[in-house]
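Taking it in order: structure first as structure tokens, then the write-up.
The values are calculated or read from the model by the stated rules, or taken from the named source; none is laboratory data. As the structure is a computational prediction, the values presented were derived from the model and not from experiment. Cβ placement follows ideal geometry from the backbone for every residue including glycine, while neighbour counts extend to all protein chains displayed. Areas reflect the complete protein model, heavy atoms only, side chains present, ligands, DNA and RNA absent. Shrake-Rupley method; radii C 1.70, N 1.55, O 1.52, S 1.80 Å.
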Amino acid sequence: MFPYPSGILHMGHVRVYTISDTISRFRKMLGYEVIHPMGWDAFGLPAENAAIEHSVHPVDWTELTTCNADYYKWTQFLFLKLYKNGLAYQKEAVVNWDPIEQTVLANEQVDAEGRSWRSGAKVEPRKLKQWFLKITDFAEPLLKDLDKLNKWPDRVKQMQRYWIGKSEGAEFDFFVNVNRETTFLIKVFTSRPDTIFGVHYLAISIDHALASKDFLPSDVYSKVLKLTEEMKQYLTEANENKFNQGVNTGLYATHPITGATIPIYIASYVVSDYGTGAVMGVPAHDQRDWNFTKANRIIDEKDIKRVVKPTYNGVDFIEKGEVYTSYGILTSDCGQYAGMTSKNANNAIVNDAEKGGYGRSAVQYRLRDWLISRQRYWGAPIPMIHCPRCNAVPVPESELPVILPTNISLTGRGGSPLKYVEDWLNIKCPKCHGPAKRDTDTMDTFVDSSWYFIRYTDPNNTLLPFSHDKASKYLPVDVYVGGVEHAILHLLYSRFFAKFLHQLGMYASMHDNTQEPFKQLVTQSTGLAPEISFEKMSKSKYNGIDPETTIEKYGADATRLHILFKAPISEVLEWEDSSIVGMQRWILRVWRLVESVANSPQQNDDLILDMRMMNNEERETYRLINFTIKELTKIFSETYSFNTAVSHLIKLTNHLTSISPNVNKSRPVYIYGVRCLVKMMAPMAPSIGEEFWEDLNENKKTQTVFEEPWPKVDNKGLNVDDVTCVVQVNGKMRFSLQVPSSILQDNLAVEMLIRKSNNGQKLIEDNKIGKKIKRVIHANSGKIVNFVFEK
Ligand code: ANZ
Ligand code: ZN
């Protein structure tokens, strides 16, 4: 994920790009053509705010990419493509207004407590005319294709599933006799058709078509207006009662099956933009309906119809006065459906409704369209023109880009400064050539970042956003690394863009047919340890540790190694300056090994690694080298547990260092070990890796260590014969055991073997000896194991 230049560089940046840099260097050594590009997500509020804070123009604050006209021209081009395909539209809606940042936000950018994801401000509802992208048209493929992403973390997929929120159920028709001449149809959406015999009322949202003065008596209508006002308040406060407010309309609907008359309420808990904006109220089986029924005294508790009962015996749920929300068996109140299971009843009721024409199966999604207008300056202008005669008219493609004017003054207060740039604002309507005005809103920066990875395949294209062939050749992105905080936002929007662009035929991957942008997703936990990051960050908004100082002091490679070694990438990184010196020391130890074989007369290709010519110690060294190659290959290509990678390399370093004083430095195995060590270290520590390689690269066939092939595992070398392992108890030698050398480095496996052996059963198993093992010490490369018992 490309960075957002909203402040100074922080350790989170170093971490994410160290990870992707390591992976890409490894892939190069495997012989792949690797694109590991860099760019800047340079438009947007934080950049604008940082510029205001530093009293500079945002252009000078940020540099390249999404804010350059040669990029945002294509963002505008894609907006027009969406518009022409009916996927960008303007509508008046109640939207989230961020009073601090003075702009509206998309739903994805507001957290569960109603706060802006960035400013932290409580958002306020405002009715405004805004541009939306119709992401909901793709709800089903966005949901379904998550199943194809087998290299994405489950948690992220789960969050997207929840966000898309597919709900399967049915729609039922309830007719209302408003007066003698007027009948009105209320459609309700329900996820529980099996409860239709338990309906006691209908509830509609305050925005519902029936909630109008055309249909309601004036005294009722004035109550509706009052409730509308109150609800504006409720939206910004956590009020327990806010969901139980209701107005009885005095109107009745007819139950489509029983013909019963059902009262109609206007209810604060019914949201206008979900389902049909109308609910069939089933107090016995839905908690919100239960609460609403009681709060509005719709019916006595004892008269509430229970229409589904549990399948198990012994619980008299009716007596308990509780809501029963699970599935079960339909009661005798349910006519011909009595005795059916909920599941069968759902099918039967919906089938009959379809036949009778009073209902049909229906699917709803929680996902809402993506609001992309921002009342801020620093973004790509929305390429639309508003004409008093022709309404909204798209800017002709040939006139793109709509350049963002730079002759503005940024105050950070109130509205977009674009409103005051007269010579930019006033323009001729492309259709009727009459006077018209440009749209002064800019696009959400998440639009810019929804397709940049495609532009990376063809960054200098001046005719199109990207060429079909290049995008099809390189996409999807094989490995995408970034912070987990984008689980929904950026990762959902990009998936939407990829699907739209596929639908348009703008590219079609040669490698897979998922129509997904990112094959594998690697999420790192952002932030450092909580004490450091959140406190310090929220105070200054900057991450506490400055990478430049750390790099200056310890070097880039030690910093990178430390980041990778300190914590698995999915975990929070606890920064400790003190342990970084461990990495410096390790580098120095490798350096000593490199010096011990530098200028060795043997060429790389000449190393003869024939196990028949090795003595026992060399075989063991050879085994460890192969074991390390095997593990590192797995880590760098699959698991990305870089902390373990560093441990393996440190173990190899320890081994080579321990044999170094006595070994003949011209022996091929030893030289091979040092060379492999350097090659495998290089992706994580590229500068010093290159430097070391310079000393080892005798034949100079390659220019850089990254042109060197990644070491290959010699499977024969992995399984060297058994070695003798000496077992001590409290430091005294007790017995010895043959252990396959392939597991010698695996401390736990060795311990298991020892404990299971006859001698081990007798002398070690703690229940036999009557004392507990305090610790187990492995020495001499695992060949001595000492069990220390409690006193
Ligand atoms: C009757 C019923 C009986 C319901 C029952 C639930 C349980 P999900 O699953 O999230 O899709 N509902 C429908 N439209 C609504 C709206 N605009 N505002 C508020 N609530 C709405 O939820 C579907 C259920 O939420 C629907 O099924 C409806 O209540 C309610 F025992 O209908 B149910
Ligand atoms: Zn016009």
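Hey, got a sec? Which GluC sites (Glu not before Pro) in the range 140-209 land in a DSSP loop and have at most 16 other Cβ atoms within 10 Å?
Numbers: sites: 168, 171, 181; in loops: 181.
Here the GluC sites (Glu not before Pro) that fit, given the DSSP loop and packing criteria, are 181.
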**Asked** In angstroms, what radius of gyration and Dmax does the range 571-694 have, counting Cα atoms only?
**Response** 15.0, 48
**Prompt:** Angle between the Cα long axis of helix 342-356 and the longest principal axis of the chain, 0 to 90 degrees, nearest 10?
**Reply:** 40 degrees
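Convex hull over the Cα atoms of the chain, averaged projected area in nm²? All intermediate terms of the calculation are to be shown ahead of the outcome.
Working: hull surface 184.5 nm².
So the mean shadow area of the Cα hull is 46.1 nm².
Which chymotrypsin sites (Phe, Trp or Tyr not before Pro) does the range 251-356 hold that lie in a coil by DSSP with at most 11 other beta carbons within 10 Å? Before the final figure, lay out each step's value.
Values: sites: 252, 265, 269, 274, 290, 292, 312, 317, 324, 327, 337; in loops: 269, 274, 312, 317, 324, 327.
When the chymotrypsin sites (Phe, Trp or Tyr not before Pro) of the range 251-356 are filtered for loop state and at most 11 Cβ neighbours within 10 Å, 312 remain.
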**Request:** Can you work out the PRE-style zone for residue 212? Point 7 Å along Cα to Cβ, and I want the residues of the range 167-198 with backbone N under 17 Å.
**Result:** 176-179, 181-187
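Give, in nm to one decimal, the length gained when the segment between residue 712 and residue 118 is fully stretched (0.36 nm per residue of separation minus the Cα-Cα distance).
On the way: separation 594, 0.36 × 594 = 213.84 nm, distance 4.71 nm.
Going from the current span to full extension adds 209.1 nm.
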**Message:** Restricting to Cα pairs below 8 Å that are 6+ residues apart, what does the relative contact order work out to for the range 388-471? Please round to a whole percent.
**Reply:** 19 percent
**Message:** Taking amide H atoms as placed 1.01 Å from N in the peptide plane, list the residues 5 or more away in sequence, or in a different chain, whose amide H sits under 5 Å from that of residue 784.
**Reply:** 726, 779
**For the range 556-715: relative contact order, % (alpha-carbon pairs under 8 angstrom, 6 or more apart)** = 34 percent
**Fill in**
With Cα coordinates, the longest principal axis of the chain makes an angle with the long axis of helix 556-566, in degrees rounded to 10, of 70 degrees
**Prompt:** Straight-line reach from residue 151: which lysines have a Cα under 26 Å away, not including same-chain ones fewer than 8 places off?
**Reply:** 28, 166, 470, 473, 499, 519, 566, 630, 634, 712
**Asked** Quick one: which of 79-88, 559-568 comes out on top by average Cβ neighbours within 10 Å, and what's the full order, highest first?
**Response** 559-568, 79-88
**Asked** Do you know the relative contact order of the chain, to the nearest whole percent, from alpha carbon pairs under 8 angstrom that are 6+ apart?
**Response** 12 percent
**Request:** Could you tell me which of 649, 745, 659 has its Cα farthest along the dipole of the range 642-791 towards the positive end, charges placed at Cβ (Lys, Arg +1; Asp, Glu -1), taken about the Cα centre?
**Result:** 745
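Looking at the chain, send over the antiparallel percent of its DSSP beta bridges, to the nearest 5. Before the final figure, lay out the partial values.
Details: 73 of 88 bridges.
Within the chain, antiparallel bridges account for around 85 percent of the total.
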**Prompt:** Which shape class, rounded, prolate or oblate, goes with the range 63-197 when its Cα gyration tensor gives a ≥ b ≥ c as root eigenvalues, a/c under 1.5 marks rounded, and past that a/b bigger than b/c marks prolate?
**Reply:** prolate
**Item:** Calculated P(r) tail over 25 Å for the range 406-523, as whole % of Cα pairs
**Value:** 45 percent
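Would you please report the Å³ per residue occupied by the convex hull of the alpha carbon atoms in the range 683-786? Walk me through the intermediate numbers first.
Numbers: hull volume 16.0 nm³, N = 104.
Value for the range 683-786: 154 Å³ per residue.
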**Asked** Considering the Cα trace of the range 366-416, what is its radius of gyration and what is Dmax, both in angstroms?
**Response** 13.9, 42
**Message:** Given a 1.4 angstrom probe, I'd like the percentage of the accessible area of the range 558-664 that is carbon and sulfur, rounded to a whole number.
**Reply:** 50 percent
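Hey, what number do you get for the chain at 222 nm if only DSSP H runs of n ≥ 4 count, each worth -39500 (n - 2.57), divided across all residues, to the nearest 500?
Details: 26 runs with 274 residues, N = 791.
Calculated from helices alone, the mean residue ellipticity at 222 nm is -10500 deg cm²/dmol.
Using per-residue counts of other Cβ atoms within 10 Å, averaged over each peptide, order 608-617, 676-685 from highest down.
Per-residue mean Cβ counts within 10 Å order the peptides as 676-685, 608-617.
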**Message:** If I model the range 140-276 as equal point scatterers sitting on the Cα atoms and use the Debye formula, what is log10 I(q)/I(0) at q = 0.10, 0.13, 0.20 Å⁻¹?
**Reply:** -0.46, -0.70, -1.17
**Pair residue 398, residue 777: separation of 7 Å Cα→Cβ label points (nm)** = 8.5 nm
**Item:** In Hz, Karplus ³J(HN,Hα) per residue of the range 727-738 (6.51, -1.76, 1.60; θ = phi - 60°; x = Gly, Pro)
**Value:** 9, 10, 10, 6, x, 9, 5, 10, 7, 10, 8, 8
**Prompt:** If amide H atoms are built 1.01 Å from N in the plane of the peptide, which residues on other chains or at least 5 residues away come under 5 Å of the amide H of residue 331?
**Reply:** 308, 309, 339
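Of the listed peptides 686-694, 26-34, what is their order by residue-averaged count of other C-beta atoms within 10 Å, with the highest listed first? Numbers along the way, then the final one.
Working: 686-694: 19.2, 26-34: 15.6.
The packing order, highest mean first, is 686-694, 26-34.
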**Request:** Round to the nearest 10 and give me the degree value, 0 to 90, for the angle of helix 642-659's Cα axis relative to the longest principal axis of the chain.
**Result:** 0 degrees
